[in-house]
Amino acid sequence: MVDYKKLGLVNTREMFKRAIDGGYAIPAFNFNNLEQLQAIIKASSDLKSPVILQVSKGARKYANQTLLRYLAEGAVEYAKELGCHHPEIALHLDHGDSFETCKSCVDFGFSSVMIDGSSLPYEENIALTKKVVEYAHQFDVTVEAELGVLAGVEDDVVAEVSHYTKPEEVVDFATRTGCDSLAISIGTSHGAYKFTPEQCTRDPKSGRLVPPPLAFDVLAAIEKQLPGFPIVLHGSSSVPQEYVDIINEHGGKMPNAVGIPEEQLRQAAKSAVCKINIDSDSRLAFTAGVRETFDEHPEYFDPRQYCGKAREYMEQLYKHKIIDVLGSENKLANLD
């Protein structure tokens, strides 16, 4: 058993409470490798923002669970080295699909876990979530649950059709499971192709796809049922067209990639939505940096050369999200 507090990590309870009260959202950035982690910590430390380091089941397998523990501990020390003397960093399992996966993460030093039973029948989702909560809370690890189904593809999470969260179920679900936060479905979607062209309109000036709006009426109804309860949005990458354009200009092929408009995410962040997940945008920024570097410098073979540009683009992306979308800059409990 690894105590996350000894690694310098925190759970999400207090950061969520402050976010709800302050009308902003905590960035939850997925990472798979060192460059992503460096960029996340540099951006959040420079801007004095709390941050959630998210690891999917697939990323955990890719990076190795033991290495992840030390990477997380190193991230805390790196933040301090950058001048962020009191960092608030959570290490969170994204889309845990079983009790065993969640238990393993708790045991290995994660400070927060998500159990995703959204594809199960309602009562089975409750039973599984409650089991994870009862285990995790013994070690003061916070638990995120999910109610409703998001469409799209993210690692091992695949769903063709989304189902909005039913506001009439949220009180019963949260009460019976004891979960600390709830991921809901209001029209966000996983991946870089969140909507088909048929679901969108086209901007007459740019020709770019314009996705359907989020269901803020559903969000409002959920907030009314669960006032002050931490709400989470998954599938919230905006798929920045500047990175898509760079990828396409340098040999890539990503037609009709489209995400969630940032102004809608900012609107959501001012509500009870206190955690917004961003993964695909980072992948796009990384790939844009690599493709651009290889295209302009075909002689390069040192990973530091092309991963360096990728890291630069990701840091810029994370800082933009923290300032302009989430509003979480200078929101540490202790700014000294």
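The values are calculated or read from the model by the stated rules, or taken from the named source; none is laboratory data. All figures in this text were calculated on a predicted structure; none of them were measured in a lab. FYI the Cβ positions are ideal-geometry reconstructions off the backbone, even for glycines, and counts take in every protein chain you see. Calculation scope for accessible area: heavy atoms of the full protein, side chains included, ligands and nucleic acids excluded. Shrake-Rupley method; radii C 1.70, N 1.55, O 1.52, S 1.80 Å.
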Glu88 vs (1) surrounded by fewer than 22 Cβ atoms within 10 Å (Cβ to Cβ); (2) charged (D, E, K, R); (3) over 15 Å from the mean Cα position of the chain (by Cα): all pass except (1)
Out of the residues in region 5-59 meeting the condition of being basic (Lys, Arg) and touching a helix residue (DSSP H, G or I) at 6+ places or on another chain (Cβ under 9 Å), tell me which one is nearest to Ser111 (Cα to Cα). Lys6
Every listed condition ((1) open to solvent by 10 Å² or more (accessible area, probe 1.4 Å); (2) within 25 Å of Ser238 (Cα to Cα); (3) assigned to a helix (DSSP H, G or I)) holds for Met15 save (1)
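For region 278-329, give me the residue count where each residue is aromatic (Phe, Trp, Tyr) and within 20 Å of Ala28 (Cβ to Cβ). Give the steps one after another, and end with the answer.
The first filter runs over region 278-329 and keeps only residues aromatic (Phe, Trp, Tyr), leaving 286, 294, 300-301, 306, 313, 318.
Next cut, within 20 Å of Ala28 (Cβ to Cβ) only: 286, 313, 318.
Of the residues in region 278-329, 3 are aromatic (Phe, Trp, Tyr) and within 20 Å of Ala28 (Cβ to Cβ).
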Just one of the numbered conditions (1) open to solvent by 40 Å² or more (accessible area, probe 1.4 Å); (2) free of Cβ contacts under 8 Å to residues at least 24 places away in the same chain is not true of Gly207; which one? (1)
If only one of Lys103, Lys80, Lys42 is within 19 Å of Val133 (Cβ to Cβ), open to solvent by 50 Å² or more (accessible area, probe 1.4 Å) and assigned to a helix (DSSP H, G or I), which one is it? Lys103
Pull out all pairs, ordered by first then second residue, where Cβ-Cβ is under 6 Å, the residues are six or more apart or on different chains, the first lies in region 62-73 and is closer than 13 Å to Tyr4 by Cβ, and the second is of a type in the set (Asp, Glu) and modelled with pLDDT under 95. none
Scope region 45-55; condition open to solvent by less than 10 Å² (accessible area, probe 1.4 Å) and assigned to a loop (DSSP other than H, G, I, E, B); matching residues: Ser49, Pro50
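Across region 18-35, what is the total count of residues that are assigned to a helix (DSSP H, G or I), open to solvent by 10 Å² or more (accessible area, probe 1.4 Å) and touching a residue at least 40 places away in the same chain (Cβ under 8 Å)? Break it down stepwise before answering.
Initial filter on region 18-35 (assigned to a helix (DSSP H, G or I)): 18-22, 34-35.
Of the ones still in play, those that are also open to solvent by 10 Å² or more (accessible area, probe 1.4 Å) are 18, 20-22, 34-35.
From the residues that got through so far, the ones that are touching a residue at least 40 places away in the same chain (Cβ under 8 Å) too are 18, 20, 22, 35.
Summing the residues that are assigned to a helix (DSSP H, G or I), open to solvent by 10 Å² or more (accessible area, probe 1.4 Å) and touching a residue at least 40 places away in the same chain (Cβ under 8 Å) in region 18-35 gives 4.
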When you check Pro261 against the structure, is it out of contact with any helix residue (DSSP H, G or I) (no Cβ under 8 Å at 6 or more places or on another chain), closer than 30 Å to Lys17 by Cα and open to solvent by 10 Å² or more (accessible area, probe 1.4 Å), yes or no? yes
May I ask you to list pairs of residues, at least six apart or on different chains, whose Cβ atoms are under 8 Å apart, with the first in region 166-194 being closer than 18 Å to Ala272 by Cβ and modelled with pLDDT under 90 and the second being of a type in the set (Ser, Thr, Tyr) and not in a helix (DSSP H, G or I)? Gly187/Ser162; Gly187/Tyr164; Thr188/Ser236
From the list Asp94, Asp116, which residue is closer than 30 Å to Ser271 by Cα, open to solvent by less than 10 Å² (accessible area, probe 1.4 Å) and of a type in the set (D, E, K, R)? Asp94
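Anything in region 302-336 that is in a loop (DSSP other than H, G, I, E, B), open to solvent by less than 80 Å² (accessible area, probe 1.4 Å) and within 19 Å of Asp46 (Cβ to Cβ)? List them, or say none. Quick ask: steps written out before the conclusion?
Pass one, region 302-336, residues in a loop (DSSP other than H, G, I, E, B): 302, 327-336.
The next check asks that each one be open to solvent by less than 80 Å² (accessible area, probe 1.4 Å); those that pass are 302, 327-329, 331-334.
Listed by number, the residues that qualify are Gly327, Ser328, Glu329, Lys331, Leu332, Ala333, Asn334.
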In region 126-163, which residue that is among the polar types (S, T, N, Q) and either modelled with pLDDT of 95 or more or at positive phi (or both) is most open to solvent (accessible area, probe 1.4 Å)? Gln138
Exactly one of these conditions fails for Pro227: (1) of a type outside the set (Lys, Arg); (2) over 30 Å from Thr129 (Cα atoms); (3) open to solvent by 60 Å² or more (accessible area, probe 1.4 Å). Give me its number. (2)
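Restricting to region 269-301, count the residues that are open to solvent by 50 Å² or more (accessible area, probe 1.4 Å) and under 15 Å from the mean Cα position of the chain (by Cα).
1
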